[in-house]
Structure formats: structure tokens, C-alpha cells
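Shown next, in C-alpha cells, is the structure this report addresses.
The values are calculated or read from the model by the stated rules, or taken from the named source; none is laboratory data. Just so you know, these numbers come straight off a predicted model, no measurement behind them. All Cβ positions, even for glycine, are placed from backbone atoms using ideal geometry, and neighbour counts span all protein chains on display. What goes into the accessible areas is simple: the full protein's heavy atoms, side chains included, and nothing from ligands, DNA or RNA. Shrake-Rupley method; radii C 1.70, N 1.55, O 1.52, S 1.80 Å.
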Amino acid sequence: MKSIRLFLGITLILFFGSANLGIAQNASIKGFVYEKESGEPVIFTNVYLYKTNMGATTDVNGFFAIPSIPAGNYTLMVTYLGYDTLRMEVELAKGQQMIQKLYLSKAAYDIKGVDVVAESQEKTNEIRTSVITVTPKKITQIPTIGGTPDLAQYLQVMPGVIFTGDQGGQLYIRGGSPVQNKVLLDGMLIYNPFHSIGLFSVFDTDILRNADIYTGGFGAEYGGRISSVMDITTRDGNKKRYCGKVDANTFGAKVLFEGPISKQKEDGKGSASFIVSVKDSYLKESSKLLYKYIDTAGLPYNYMDIYSKISINSPSGSKVNLFGFRFDDKVNYRGISDFKWVSYGGGINFVVLPTKASMLIEGTAAYSTYGISLLVDGSENERKSSIDGFNIGLDFTYFTKKGELQYGIEVLGFQTDYLFYNTEGHQITQDESTTEFALYLKYKLVTGKWIIEPGVRAHEYASLSNFSLEPRLSMKYNAAKWFRVKFAGGMYSQNLISAVSDRDVVNLFYGFVSGPDNLQDEFDGRAVRHKLQKADHLILGMEFDLWKHLTLNIEGYYKYFSQLTNLNRNKVYDDTGEYSDVPDALKKDFVIEKGDAEGLDVTLKYDYRQLYLWAVYSYGFIHRYDGIEEYFPHYDRRHNVNLVASWTFGKNLNWELNGRWNLGSGFPFTQTQGFYENITFADGINTDYTTANGDMGIVYAPINQGRLPYYHRLDVTLKRRFEVGPNSTLEVNLGATNVYSRKNIFYFDRITYKRIDQLPIMPSLGVSWKF
């Protein structure tokens, strides 16, 4: 309650203080740009005053603001690829704050040069260090595994991202583990965005508006994670008519429906709309017929994802969104008798456009929960983990002539419950409630050839009595029209840790734990002062426009993880007075580590008319030190290459061919040196070790000194689109993952001496109807 009262008090100060920022002598124009046909905001388009250097780019809400305009008559213009150019005559008086809602109509012909101008302005006006903006169009340009385009498949081709496999695979971003990646959906925390079959995420591509993926060096508005951020925004439902989409393929099916509750009109009145998406996997059943050559018992992956949203828009363009979700996942695979997780939640976010200030106010209040359990065959010890909590945030953005001032406040609360048994059978438990409180401030300054964005975040981990002050800085220098240099860096912290060890290769069970109490007191000869995980980021990059439609981006990065918390796999003693002389490394539930990650990412992109080519090469090193030995974590991959191609062809451009080839060097693994009979002494001192039958024990080599073979895979998709009616489209897609059926290793069973491979060739056929 103390944190909530503090939040409300600071919110009032920020809100009323913001009103005074809007007092100005010059005029301004602000508002929203919408697609006339559906009412959906048009994002990242240019709004400018003709024959001046005054303009702005719309954000993810379609919002724009052009501040500090001298009084006079102007022509307001909006240009965007595939839409008619909008022109509007405006007359501005001194100090006037004009609000406009602009509607773009689809063009009868393509204006091929418009997107070149828009992209060129973004390159010179935005820093965009270590961030890739993903749209549904980009996702569909890579092969659609199972017939369904998915964000998880796109993330795997991004620079700096390592994917550990088709089955139970996770994404590791520039040396960070999955728990160090913050995932936001409409401002709401999502604790597990990927299903057990690593080809699919919980997100429906058709409801996505935009996803910003920060692989490092992110700004002060984000906190609570030390590696990366995925900020995902869904679109509103159609405000003009009822429509939807139905998908069916060999992996699963999907139904999407949307439409107006109150239709949007261009007469200045408000509107309301809804959108609902349900996608379901029946791979467990279909694989018994189609993929029985992989496993006669079928592929045991089933999931269901549901997301719904209601959007209410005011006459001024301000709006409120209400949303909710439920995601679940079930798998029974090779010795796992029962594995499942379920996640659900809901919330509200809003955008407010004050009439007398050149600013924007955004807010979020959400609740989400995630629970996971695993029971291994032959064991009575079930692993369980759950987390539930809320996040509340309020953001203010004030627009000046040369930049933007953004500041905000965030309050979070978590409840974690955890039950785990390590390999020695020792129980590790935690039931913890934690609260976090944060304030941030950043300013974007555009001056000459420089764009400078300093920021700072003050993050208080109230329940842990830890305070973290985190400066951030990003810059870009536009050295020439064809060459730009950029930098980002900062300090980061987080409370949550993973409920599994980073040393485990196959991690289906992936729960969450708050900063633990049973942590070692000293690390590497020094006292442990706090329970947080901390990291510092440094990133330096260069952008080259090699040709009119050919761009090259090079980024070098360094992440120093000054303190990490890991599950203690080596615990063999209880942490009691009886074992006070035993080292912490053998009795504590959790241990401290440190490490770093450094690498180089190179991307080459060609995008013009019907041809899209993208080449990505990542070179990296990851090191960990646990106070005793240095080692490479299991996701340390030296070389990673992705080649993506998309070609649209045919008389009416209704054919599309997509391909993706991935090559990765081998992951590290711990070699086996020998075996022995392990007498468990089940009867204590009464055990006769001369006659007792023991278990098979394994003598391990030093951790992760070996390397697995190289991984490579080719995926292809061929699509054919049919125009059934004015608003109806039928698409048929035929594809295959792992076209040449490469035997990529999944893991090796040391006891049975049997190699388990990733998925072989899997052809797929899908049909989708959009109406």
C-alpha cells in the first residue's frame, strides 16, 4: 500500500507539472493518422508542413506532434507507401494548439518512392541502436513453418539471437538467458512467450501491429531485465466493418474475428471496436497420420492461445483499450510423464491527448499469472513454479522544437511460489512476495548531425531493500547521407531469476524465483552486498547505404554481467548448523556467478519491389565464472548465419516464394569420462556395500569443454493468393521445414548411449480465408 500511495502522489505531481510544459507562444499541430478503410492507426508515416523542415513521424498509436510552428498558413501533408498523399490547408494563430484526425485512402497505384523517403527520414531522425522493428508484413516474408507465420520464427533470424532447437528450444539474446528478456504485450508482462515446440509463440501474427525487439542498450523507459526487451503492440479491431480470418494447416488452426461496436466516422465522433483471436494446435493428433515416420506415437505438443481486446476511441483521438489472454501448453515427450504450463491475465491501457499541451500521456495497468509443472517418469518429486503479479505504469512525452522529453513512473508486484528437486534429491522451495518501484527520465535532442538521448532510471526493489540507479545513453552521428555512426550503453538490474540452472541443456521446465534468501554470503573472496542481478551494456554500430535499396548494418557489443544468480545444481547438504563448516557451494540453494558476452552482428538487406533479401551473420563469445571455474554456457555459439529471401511474382503478384537457411556452429557440452557403480546407502549404516546393487554413476569431464556438430537447416514456403471478392482472399501455402532432413542433434542420452535429433523434414499444407 505504501508503494501505491507513493505512485499516486508522484503521478499527480507529474500530471499537473506536465500541464505547465504546454504553455508556449508558437503554435503546434498534433493528432492521429488512420487508415480510412479500417480505422487502424497508420504507424511510422511522415506528417510534415510542405516546403518547410517541420514534420514528425507517427508512433505505434498513429500519433504525431509538430511543435513550435510560427503563426501562418501551411499545407499539411501525409505520405505513405500504398496510400494516396493527403494534403490539407491549415491556418495557425499564435499559440494555437491544433488537433487533427487524418485519414489515408488506399492508392489506386503504387508510389514506389514514398517508402524510400520515409525510411531515409527514420535513419537520420531515430537512433535505433540494437533494435529491430517487426511488423506482420516482415514476419510473412520468411517461410511459414506449419503454414502459419509466427513471431518466434522471425526472431530466430535476427542478429544476436541464438535458438537452441525445434523441441523445447529457447531464445538467447546476446549472451542473456530467457529470464533476462522482458516481454510486454500491450504493456502487460508475459512470462513465457514461446511454446514447447520452439517453432511457435503465443502471439497471433494477424493481431500484431508492431514489435520492437531491443537486443541491448535499451532506454530508461524499460527496466527490471538485464539483457533484452520485446515490446509488442496489438492492433485495434476494424472500426468500419465486421471481418476476420480462418486458418487450417497440418499443425493447427486459428479463428480471428473483429469489427465495430460503434463505427468510426469522419465527423469528429468517437468509435469502439473489438478483436478476438483463438489458435489451437492439434499436432499431437495430426502427426500420427502425417508425421508418424518421426514418432509412431505422434509429436506430443498441444497448445491453445486466446487473446481479446476492446478499443474505445474519443472524438479527440484519445483512447482506452481493455484486453485479456489465456495461453496454455502441454507436452509428453521421451521420459517426461507430465509437463504443462498455463498463463492468463488482463489489463487496461490508454492514450490521452491534452488539448492545451504539446504532449502525450500513456498508461497501463495489468495483471498476469503463469504456472508450470513437470513430473518425470519414475520420480515422485514434481517440480512446480508459479508467478503472478501486477504492473502499473504512466508515461508522459512532451514535444519540443528540437526533441522530446519523456518521463514516467512504474510500480510492480510479484508473488512467486517454487518447488524443485535437484539431481541429488534435495528439495529447494520459495514462497515470496516482492514489490518494485521505478522513476525514469530521458530526453531526445536533435542538433545538427547529432541525435543524443541521455536518460536515467531509479529502480527501487522495496522488498529486497535494494536501490539501483541506472544511467543510460544513446547517440547517433549522421556523418553523411549514406553513413551513420551510433552508440548505446547503460546499467541494468533485475530481481527475477530462473527456476532452472543455466547449465542444463534441455530446459522444458522454466519457472521463476524472486531474489532468493538462501544465497552465498561471499563470492570470489568478496562479500555479496545485494540479491540483484546486474549488467552493463556497451554497443557501437555503423550504418551504410551501399546502394539505393541496399543497406549494411554493423554492431559490436559488450555485456558485462557483474552479478548473476544461478540454481545450485551441486547442493548435497542442507544449510543447517550441522554443516556450518561445509562450503556454500555445496549447501546453498542458489549461487553467485559473473560473466560477459561480446560479439559482432552484421546485417545486409535489399528490399525493392518484389524482391526481399536479408543476410545476417553473428559472431560471439559468452563466458561464466562461478567462483571455482570458468565455463561456457550451453548456448555459447561462435558463428550463426541466416539467409532469408522472399520473391513475389506472377501476373497479379499473387505468388510468393520464401526461403530461409540457418547455419550455426556447435554448442558446448560436457563430455563423459567414465562410469561407476554409485552405492546410495539407502539403509544408512546398515547397508552392505559388498552386496548392494547401486545406480550407474557418471564421471564428467570439466563443464562444457566439448563442442557438438554444426547445425544447419533449410525452410521453404510457396504461397498462392486468390481474390475471391472485394473483401475476401483465399491463400494456399505449401512448405517444408528442414527440407534436406539434416540430422541436427537435440541431446545425447548418456545412460542408454543414444542420440536424440531435432525434427527431420516436415512438409506442411495450409489454407487461410480472409473475409
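Overview of values
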quantity: Residue in region 479-494 that is in a strand (DSSP E or B), open to solvent by 60 Å² or more (accessible area, probe 1.4 Å) and at pLDDT 95 or above present; calculated: yes
quantity: Subset of region 742-771 [in a loop (DSSP other than H, G, I, E, B) and either open to solvent by 50 Å² or more (accessible area, probe 1.4 Å) or of a type in the set (D, E, K, R) (or both)]; calculated: 742, 743, 750, 751, 752, 753, 761, 771
quantity: Failed item, numbered, when residue 696 is tested on (1) part of a strand (DSSP E or B); (2) surrounded by 14 or more Cβ atoms within 10 Å (Cβ to Cβ); calculated: (2)
quantity: Near pairs, Cβ below 7 angstrom, 6+ apart or cross-chain, from region 721-738 (surrounded by 14 or more Cβ atoms within 10 Å (Cβ to Cβ)) to any residue that is of a type in the set (Ser, Thr, Tyr) and assigned to a strand (DSSP E or B); calculated: 721/729; 731/768; 733/717; 735/717; 735/764; 736/764
quantity: Close pairs (8 angstrom Cβ cut-off, 6 or more residues apart or separate chains): in a loop (DSSP other than H, G, I, E, B) and among the basic types (Lys, Arg) in region 568-585, modelled with pLDDT of 75 or more and open to solvent by less than 80 Å² (accessible area, probe 1.4 Å) anywhere; calculated: 571/586; 571/587; 571/588; 571/589
quantity: Residue check for residue 108: within 15 Å of residue 56 (Cα to Cα), at pLDDT below 85, surrounded by fewer than 18 Cβ atoms within 10 Å (Cβ to Cβ) and out of contact with any helix residue (DSSP H, G or I) (no Cβ under 9 Å at 6 or more places or on another chain); calculated: no
quantity: Hits in region 583-600 - residues which are among the aliphatic types (A, V, I, L, M) and at pLDDT below 80; calculated: 585, 586
quantity: Residue in region 419-433 that is under 23 Å from the mean Cα position of the chain (by Cα) and in contact (Cβ under 8 Å) with a residue 60 or more places away in the chain present; calculated: no
quantity: Criterion (farther than 25 Å from residue 276 by Cα, open to solvent by 20 Å² or more (accessible area, probe 1.4 Å) and either touching a Cys at 6+ places or on another chain (Cβ under 9 Å) or modelled with pLDDT under 90 (or both)) met by exactly one of 375, 353; calculated: 375
quantity: Verdict on residue 185 being under 25 Å from residue 729 (Cα atoms), open to solvent by less than 10 Å² (accessible area, probe 1.4 Å), aliphatic (A, V, I, L, M) and touching a strand residue (DSSP E or B) at 6+ places or on another chain (Cβ under 6 Å); calculated: no
quantity: Flag if residue 665 is closer than 22 Å to residue 155 by Cβ and surrounded by fewer than 18 Cβ atoms within 10 Å (Cβ to Cβ); calculated: yes
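This table checks each residue for (1) open to solvent by 60 Å² or more (accessible area, probe 1.4 Å); (2) under 24 Å from residue 768 (Cα atoms).
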| site | (1), (2) |
| --- | --- |
| 231 | no, no |
| 244 | no, yes |
| 247 | no, yes |
| 255 | yes, yes |
| 259 | no, yes |
| 280 | no, yes |
| 283 | no, yes |
| 291 | no, yes |
| 317 | no, no |
